[in-house]
Amino acid sequence: VDVTMYVEAELDRQHPARVLARDATSPGGYRAAWDAIETLWAATLDRARLLPEAKLHERVDGEWSLVETQRHLLFASDAWLGNAVLEDETPYHPLGFPAGGMPADAAAQLGLPLEATPTLDEVLAPRLLRMAAMRRVVEGLTEAELDRTCGRKPAEPYPDQEYVVRRCLKVVLKEEAEHHRYALRDLTVLEAGERTE
């Protein structure tokens, strides 16, 4: 029995931001999705700060720790927003953490020391700046800007093809919504462990 559609529908019900992120097509839709994502992360990070720093580096069931997740979202915004959409001169913060499929040498060429072990606050300093940049972009979005072809691809290992602002911003939205869902799941486990110790 294929339960994929049921599982997806239940995830959508429990995490409506993922629907907003997935279904955004207009400037208003992108703004609504980002509003929801900002609100969710603010509350989740407030919860995370109640835990000892060491807990924020723990992996639950082999998944990324909360700090690694924040590092990954920093990289995602640097690649898809900073580099592709905004064409920043130096888009990649060294605390960024690409997905596991990026070869270590490619990460090193982008100036990303994967073995770094920053604190949550050290990662959040640049990450919150990237979130503010995304806020500025979605506030000024127009249909023409959504359809603009970017002058760059997100990062060197990505394929040489056309990247449109609409697609790049959608990647940021989806990454934020899905990783928030994972972070919530793992944070609940970490909080339960803290109460029983």
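Read-outs throughout are calculated quantities, based only on the coordinates presented, and are distinct from any laboratory measurement. It should be emphasised that the depicted structure is a prediction, and the values quoted were computed from it without experimental measurement. As a convention, Cβ positions derive from the backbone with ideal geometry for all residues, glycine included, and neighbour counts pool all protein chains shown.
Just a few scattered comments:
- Cβ-based net charge around Val137, under 11 Å, with every Lys or Arg adding one and every Asp or Glu removing one: +2
- Ranking Val138, Leu187, Pro118 by how far each Cα lies toward the positive end of the dipole of segment 113-197 (charges on Cβ) leaves Val138 at the top.
- Semi-axis lengths (Å, descending) of the ellipsoid that matches the C-alpha gyration tensor of segment 2-98: 24, 23, 14
- All-pairs alpha carbon distance profile, segment 121-197, 10 Å steps from 0, percent: 15, 33, 31, 13, 6, 1
- Globularity index of the chain is 1.04 (Cα radius of gyration / 2.2 N^0.38 Å, N = number of residues).
- Among 64-70, 24-30, 94-100, the order from most to least packed when residues are scored by Cβ within 10 Å on average: 64-70, 94-100, 24-30
- Taking Lys and Arg as +1 and Asp and Glu as -1, the other residues whose beta-carbon sits under 12 Å from that of Arg59 total -4.
- Euclidean distance of C-alpha centroids, segment 152-191 and segment 14-88, integer Å: 8 Å
- Proximal charge balance of Leu114 [Cβ under 12 Å; K/R count +1, D/E count -1]: -2
- Cross-link partners of Lys153 among lysines, defined as those whose alpha carbon lies under 20 angstrom from its own and excluding same-chain residues fewer than eight positions apart: Lys170, Lys174.
- Net dipole in debye of the chain [+1 Lys, Arg Cβ; -1 Asp, Glu Cβ; about Cα centre; nearest 20]: 400 debye
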